[in-house]
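Inspection log for the structure reproduced underneath, given as structure tokens.
The values are calculated or read from the model by the stated rules, or taken from the named source; none is laboratory data. The structure presented is a predicted model; accordingly, all values stated were derived computationally and were not measured. Every residue, glycine among them, receives a Cβ derived from its backbone with ideal geometry; neighbour counts consider all protein chains shown.
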């Protein structure tokens, strides 16, 4: 299929993170411009959508009404849809002498399917990072008072189940970033079009993908380690309680035994 966007000089890329997952199996290969990532036309004017299984849709040159209509068709395919999706926009200007990214806009000599896919890949990873940066910041705010309690009073009020749940949330975020979005990996399209590596590198620098992923990894590790430490403190506290319960039971049995012996002696 021919890419109709080639005739446009300026267009807008609009990325939306709609939910945890997007089931792409419903789309037929014959109806697609490409499959890795899944790319298809969504309107009669040649607007293009690039879909990612981790819940992101990137639209190129799609009008507002056509966007609403297309997103509506995707709703049955979305797992855990978000009430307020993450959104990122990027201006694309064609007919420029060189490729590059500056001030939130991409300059291209001409638009092509593979360039659309490279831009979509970078935009989608940027959205995933934005979402998880907010989630991790929220977990930081929750776990900091617990660490302060431990430092000040030598104990924590949260139970082991709550702390282990936080560790689970961090592991889940890490799994989604590495296993689904593959944020640290280059897009597969670069294997076939290595000359577009410069374009992707410019987008990677514009959105600071590597730096943000590294910072997020450090925060995830810190939160997990802190939660694990607090969980260990809680478990030790419960173990000490159990030891005192056992000692109490032993003393109680001794008292009962002494009482029975004294009763026999008095008889």
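Residue count for segment 92-116 satisfying the condition of being more than 14 Å from residue 198 (Cβ to Cβ), touching a helix residue (DSSP H, G or I) at 6+ places or on another chain (Cβ under 8 Å) and modelled with pLDDT under 90: 4. One residue stands out among those in segment 62-104 that are farther than 30 Å from residue 23 by Cα and touching a strand residue (DSSP E or B) at 6+ places or on another chain (Cβ under 6 Å): the one that is surrounded by the most Cβ atoms within 10 Å (Cβ to Cβ), which is 100. No other residue among 65, 59 is modelled with pLDDT of 90 or more, farther than 16 Å from residue 9 by Cβ and not in a strand (DSSP E or B) apart from 65.
Quick one: which strands (runs of 3 or more DSSP E) lie wholly within segment 70-135 and hold at least 2 residues that are under 16 Å from residue 201 (Cβ atoms)?
Values: elements: 78-93, 100-102, 105-107.
Strands (runs of 3 or more DSSP E) meeting the threshold: 100-102, 105-107.
Tallying residues that are out of contact with any strand residue (DSSP E or B) (no Cβ under 9 Å at 6 or more places or on another chain) and modelled with pLDDT of 80 or more within segment 123-155 yields 3.
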